[in-house]
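Working notes, beginning with the structure itself.
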Amino acid sequence: METWDALQKDVEMYLVGRPGKTAVSCWLLAEQQGFSIGGKNELPSASLIKLLVLAELCEEVRQGRVDLKEAIPILGPTVTGGDGIIKELKIGHTFTLEELATLMIIVSDNEAANQLIERLGRKTINERAKKLGLAQTYLGRLMMDDAAGNKERDNWTSADDMVHLLRVIYETAKMGSPLGRWMLSLLTRQQQEGGLTRNLPDYVQVAHKCGNLTGVEHDVGIFLGKRPYLLAVLTAKQPASYVGRETIGMVSFLCAEAFGLLG
């Protein structure tokens, strides 16, 4: 039995006893092999949608339509709540697009994400999702905007879509693209932990992005090293945030152990 077949069975057995819904997608980059458990299930994206915003920003820069040094003042009258630090600063502070993207990824700043969404346009961002082949990923609202049960006004993604997007980022960086290397660098500087890295030693390097809402915990990442792989673990209908993070952490541990990352 191949490594990924045995691993899939181990993960499936573990998930049987876990509450809520969990979707897993894993892909070994060198071997071009992997597995998916509910990987095409459409789930609320939470902050994972920010990876799509980042991808569209970089494409606009690559095409010469946008400059990362462009400055945007935060004028209010209100600043988005939830994750981030911009809400703690005085209204009128100016950020470059590069700074907004950095804050959006490494501290998941919601106001930074909203500023970039407004600058790029929701339609353009969703067109990028289609061009990338992200079948279940859709941006329907700004961060912290109440969708009020309207599916068309919410943000969605899937574990398979996130792995595909991470693969695009990784391969773009590997080809030497400065924008690709920048995206990868942002993910390696992630300051939100407790998911994929929960049960792993410090020497394991993971470039990742978390996302959470009430009952929702996600973490998706690129595991760097001699045998790089991609892993997305999305959970929903969780009784508590820590329960979702425990599930993510154990799935991540099982993968790292199977792929020889733990020595």
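The values are calculated or read from the model by the stated rules, or taken from the named source; none is laboratory data. Remember, predicted model here, so these are calculated numbers, not experimental data. Because the Cβ atoms are built from the backbone with ideal geometry, glycine has one as well, and the counts that use them run over all protein chains shown.
Residue-level check: of (1) outside the structural domain of Met250 (by TED's automatic domain parsing); (2) surrounded by 17 or more Cβ atoms within 10 Å (Cβ to Cβ); (3) in contact with a Lys or Arg (Cβ under 9 Å, 6 or more places away or on another chain), Arg128 misses just (3).
Filtering the stretch 21-44 for residues that are more than 22 Å from Asp154 (Cβ to Cβ), of a type outside the set (A, V, I, L, M, F, W, C), touching a residue at least 60 places away in the same chain (Cβ under 8 Å) and not assigned by TED's automatic domain parsing to the domain that holds Glu171 leaves an empty set. Taken residue by residue, the stretch 223-236 has no member that is over 21 Å from Lys40 (Cβ atoms), touching a Lys or Arg at 6+ places or on another chain (Cβ under 7 Å), crowded, with 18+ Cβ neighbours inside 10 Å and of a type outside the set (Ser, Thr, Tyr). Within the stretch 181-200, being in contact (Cβ under 8 Å) with a residue 60 or more places away in the chain and of a type outside the set (S, T, N, Q) holds for Trp182, Met183, Leu186, Leu187, Arg189, Leu200.
Condition check: at pLDDT 95 or above, assigned to a loop (DSSP other than H, G, I, E, B) and surrounded by 19 or more Cβ atoms within 10 Å (Cβ to Cβ). Does Leu134 satisfy that? The answer is yes for Leu134. Filtering Leu196, Leu187, Leu234, Leu261 for residues that are modelled with pLDDT under 95 and in contact with a strand residue (DSSP E or B) (Cβ under 8 Å, 6 or more places away or on another chain) leaves a single hit, Leu261.
Take the residues in the stretch 139-159 that are touching a helix residue (DSSP H, G or I) at 6+ places or on another chain (Cβ under 6 Å) and either at pLDDT 70 or above or surrounded by 14 or more Cβ atoms within 10 Å (Cβ to Cβ) (or both), then tell me which one is nearest to Glu111 (Cα to Cα). Filtering the stretch 139-159 for residues that are touching a helix residue (DSSP H, G or I) at 6+ places or on another chain (Cβ under 6 Å) and either at pLDDT 70 or above or surrounded by 14 or more Cβ atoms within 10 Å (Cβ to Cβ) (or both), the one nearest to Glu111 (Cα to Cα) comes out as Met143.
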